[in-house]
Amino acid sequence: MVESQGLAALAGDVAGGSDQELVDQARAGRREARETLARRHRQAAYLLALQMLGNRDDAMDVAQDAMLRFFTSLGSFDRERRIQPWLFAIVRNQVRDLWRRRQRRPGERLGEAGEALTRHLVDPTANPEADLRRSELRHRVWRALAELPAAKREIVVLRDFHDLSYSDIAQVLDIPIGTVMSRLHGARRQLRARLGGERHA
Amino acid sequence: MPEQCGRTFDEVLLSGYLDDALVQGDEQRVRVHLEDCATCRTLVEELAAVREATMSSTFDTPRDHEWPEMPRTGASRLAHGMGWPLVMAWVVLFGGYALWELWTEAENLLEQLILVGGVSGIGLLFLRVLIDRLDALKTDRYREVQK
């Protein structure tokens, strides 16, 4: 069973209590609760921003702004819902704001930034040489993902890297849950076609 | 590379099958179809391999010290919220006073023109930033949340 980095980030730090308890404490002004929430969720926010932008500095800016916005809107956050989809929707919004400021169309592919994205990949195995083929496949997959339009890239990343459920993805993308599967399948097919084309080239 | 299998089967279900997100009836339908369709079996295997590669990827992430501290308490948030309006008020008052002084001190038309040109340029840049911010605000799904 493969554990994704996004999932691993959430699984760590259970000592601080559940997200719901921390949200309650943070609303009551407890500083430690805010710090624990930030530590628990900021890496996932950063990773999503990095996967959408391909640039470390931009991703860091977006993740910081998203965390700040998350905390300023904590008062109206429904504590019964999961934090991650809410935070990811904020990240997505911040990414789109950044594109707009730079006059980039949201549908644009990452281009050179996609190559930069693969440079941030690290090999999780103790013996990278023994796992060379899998490592190469990972690099090829992320290069192909970077070539997908943003709307297709984001849905694959949300499902396959961050391990979000279909209902969480629907919340992040603000689409009906019934649309998630068809959109995801279309994106996966396009990704596979890119990989196939690259292989044949 | 397998393409559409051409049978009466909704291929989209294959992604739901892969994600274990189907209701029992649909999952059964996919299982039965896969037993009989090599094209879709190959597609599922390829999609699963790509999914596994994505899922098992790891990226380097910023260290703890690279993250700035969050505004934490009510007092901190209040200070954060009041800081910028106060700075803006100071800039307007001090800038206005300085401009008035420069204008009245200007000895000839050239100095007045330089002053007007500089102020106009800075004003236009500021206006552009303001317009961009307002445009971004209009399309922000969370503008209601922040109030």
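So which residues in region A:141-160 are within 8 Å of another protein chain (Cβ to nearest Cβ) and either in contact with a strand residue (DSSP E or B) (Cβ under 9 Å, 6 or more places away or on another chain) or more than 13 Å from A:R188 (Cα to Cα) (or both), if there are any at all?
Pass one, region A:141-160, residues within 8 Å of another protein chain (Cβ to nearest Cβ): A:141-142, A:145, A:156-157, A:159-160.
Result: A:W142, single match.
Checked against the criterion of being more than 22 Å from A:R81 (Cα to Cα), surrounded by 19 or more Cβ atoms within 10 Å (Cβ to Cβ) and facing chain B (nearest Cβ under 9 Å), region A:40-54 contains one or more residues that satisfy it.
Filtering region A:150-201 to residues that are of a type in the set (S, T, N, Q) and either open to solvent by less than 40 Å² (accessible area, probe 1.4 Å) or within 16 Å of the chain's Cα centre (by Cα) (or both) leaves A:S165, A:S167, A:Q171.
Checking every residue in region A:58-66 against the condition of being open to solvent by 20 Å² or more (accessible area, probe 1.4 Å), closer than 15 Å to A:Q20 by Cα and more than 12 Å from every other protein chain (Cβ to nearest Cβ) gives zero matches.
The values are calculated or read from the model by the stated rules, or taken from the named source; none is laboratory data. Keep in mind that this is a model prediction, so the values were computed, not measured. Counting neighbours? That spans all protein chains shown, and the Cβs are built from the backbone with ideal geometry, glycine included. To get the accessible areas, we keep the full protein, side chains included, count just its heavy atoms, and leave off ligands, DNA and RNA. Shrake-Rupley method; radii C 1.70, N 1.55, O 1.52, S 1.80 Å.
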